[in-house]
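The values are calculated or read from the model by the stated rules, or taken from the named source; none is laboratory data. None of these values were measured; they are calculated from a predicted model. Positions of Cβ are generated from backbone atoms using ideal geometry, with glycine treated the same way; all protein chains shown enter the neighbour counts. Side chains are part of the model used for accessible areas, which takes the heavy atoms of the whole protein and leaves out ligands, DNA and RNA. Shrake-Rupley method; radii C 1.70, N 1.55, O 1.52, S 1.80 Å.
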Amino acid sequence: MPELPEVETVRRGLADRLTGRTLVRLDVHDPKLVSRSAIPPASLIGGRVTDVARRGKWILCRMQDLYLVLHMRMSGQLLFDTDTARPPRASLHFDDGTRLDFVDQRRFGELLVWEQLDVGLLDARLGPEADTIRVDDLRRCLASRRGRLKAALCNQAVLAGIGNMYADEILWRARLASDRPAGSLDSTESRRLARAIRRVLGEALAAGGTTTRDGLYVTSEGDPGRFTMHLDVYQRDGEPCPRCGTPVERVKQGGVSVYWCPGCQS
């Protein structure tokens, strides 16, 4: 699933190409994509994009009084003028001839139309943005959490933007085990974790995100993310830990895979 660096990379691509443009046609090829939209997507036609923002893993395109809201979920791709072997679930056409396709192999993504009130409700449901989290805020977010640390990092109501891949990378950087109780960190460990969150997400964003083995994530121009070569533990089970040489392990916790080093994460 695209996480904060991937979603932010796509958001920037959309902002560059769509700000100031007017939507002239919207073709929905898969009704499931828009099934949760209380406002008909056709209501956006004729609207001009005035801003493209992000909250967590959601992309919010303001079009005057309405918002075009996009979530890529597991496998969504937002591609400009790109021919793809997979048919798009929707195509958005703008007044300068630009076409934006929503391609989505697993069909979990969403295209919604919201009003300002809906955006406010989303903001209330999400925790602080992970890429700018400070240690005091992080300690407050985790203090009452009794579950595993990785589960807390991936909980969007605790921190917005982190998923399985970057949680593993962040915990390795911070030298923390994923099954630690989330509320058990001392002040030193909390500082290490906050620093690791900001650095891993910042480095991944600078590299345009991460394209993993499935190849599903690409930028809006169709380019792969370059952070793949900098992953230290994710999908590297059996390889030596870059820090201590212990083989990286892959285990199951709470129904998800965890990649970690048993030699230097405690």
- Task: For segment 73-91, indicate whether the set of residues that are out of contact with any Lys or Arg (no Cβ under 9 Å at 6 or more places or on another chain) and more than 17 Å from His29 (Cβ to Cβ) is non-empty.
- Result: no
Gly56 meets each of (1) out of contact with any Lys or Arg (no Cβ under 8 Å at 6 or more places or on another chain); (2) at negative phi with one exception, condition (2)
For segment 1-16, pairs from a residue that is among the small types (Gly, Ala, Ser) to a residue that is open to solvent by 10 Å² or more (accessible area, probe 1.4 Å), with Cβ under 6 Å and 6 or more apart or across chains, are Gly13/Thr219
Residue hits (segment 178-206; open to solvent by 10 Å² or more (accessible area, probe 1.4 Å) and of a type in the set (A, V, I, L, M, F, W, C)) are Leu185, Leu205, Ala206
Being farther than 22 Å from Gly161 by Cβ and of a type in the set (Lys, Arg): is that true of Arg86 here? yes
In the set Thr210, Thr188, the lone residue that is under 23 Å from Gly109 (Cβ atoms) and not hydrophobic (A, V, I, L, M, F, W, C) is Thr210
Among helices (runs of 4 or more DSSP H) entirely inside segment 129-195, those with 1 or more residues being over 21 Å from the mean Cα position of the chain (by Cα) and modelled with pLDDT under 95 are 135-143
Among Thr98, Thr132, the single one that is in contact with a strand residue (DSSP E or B) (Cβ under 9 Å, 6 or more places away or on another chain) and either of a type in the set (Ser, Thr, Tyr) or more than 25 Å from Val200 (Cβ to Cβ) (or both) is Thr98
Apart from one, (1) free of Cβ contacts under 8 Å to residues at least 40 places away in the same chain; (2) more than 18 Å from the chain's Cα centre (by Cα); (3) at negative phi; (4) part of a loop (DSSP other than H, G, I, E, B) all hold for Gly238; the odd one out is (3)
Flagged in segment 236-266 as open to solvent by 40 Å² or more (accessible area, probe 1.4 Å) and under 17 Å from Pro2 (Cα atoms), in numbering order, are Val256
When segment 213-235 is checked residue by residue, the ones that are open to solvent by 60 Å² or more (accessible area, probe 1.4 Å) and part of a loop (DSSP other than H, G, I, E, B) are Arg213, Asp214, Glu221, Asp223, Pro224
Evaluate the following for Gly209: is it in contact (Cβ under 8 Å) with a residue 24 or more places away in the chain and touching a Phe, Trp or Tyr at 6+ places or on another chain (Cβ under 9 Å)? yes
